[in-house]
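As structure tokens, the structure follows; a few thoughts come after it.
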Amino acid sequence: MQKISQEEQMRLQDRYVSIEHRFSLGEELGSQIFYLSIPVSNGIVDYEEFYRLDRSEFQTFLADPEQARSLVERCHLRDEDERLIQKPGWNRGIPA
């Protein structure tokens, strides 16, 4: 599994954004890692958490974004943390 070091700058390209359900689907261009992202806030800064998708999941969710909503909910509950592309710091935010 390819990793992105924290020193590397991620080059992200969102391919789908749901304002209503607050998530996006996209690809990290340097590594060709597919992701689902959700907005989070820790009270100091707002940022996104990026969860790895395999190519099949990405294509399925891109074709029918409604199917991604259960994964979005599990990400909000931190039940999918093993998918995080970059691990959060000590002051991890909560879903915004």
For the chain, I need the span (max minus min coordinate) of the C-alpha atoms along each principal axis, in Å, sorted largest to smallest. 35, 29, 21
Cβ-Cβ cut-off under 14 Å around Ala68, Lys and Arg +1, Asp and Glu -1: the net charge is -2
In whole Hz, with x marking every Gly and Pro, tabulate ³J(HN,Hα) for the stretch 27-42 from phi via Karplus 6.51 cos²θ - 1.76 cosθ + 1.60, θ = phi - 60°. 9, 8, 5, x, 10, 6, 8, 8, 9, 10, 10, 10, x, 9, 9, 10
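Dipole of the chain, Cα-centred, from +1 at each Lys and Arg C-beta and -1 at each Asp and Glu C-beta, to the nearest 20 debye? Display every interim value, and only then the final one.
Numbers: 12 positive and 18 negative charges, 29 e Å.
Charge dipole of the chain: 140 debye, to the nearest 20.
Since every read-out is calculated from the coordinates, none of them should be taken as a lab result. Quick caveat, the model's predicted, so the values are computed rather than measured. Here the Cβ is made from the backbone with ideal geometry for all residues, glycine too, and neighbour counts use every protein chain on show.
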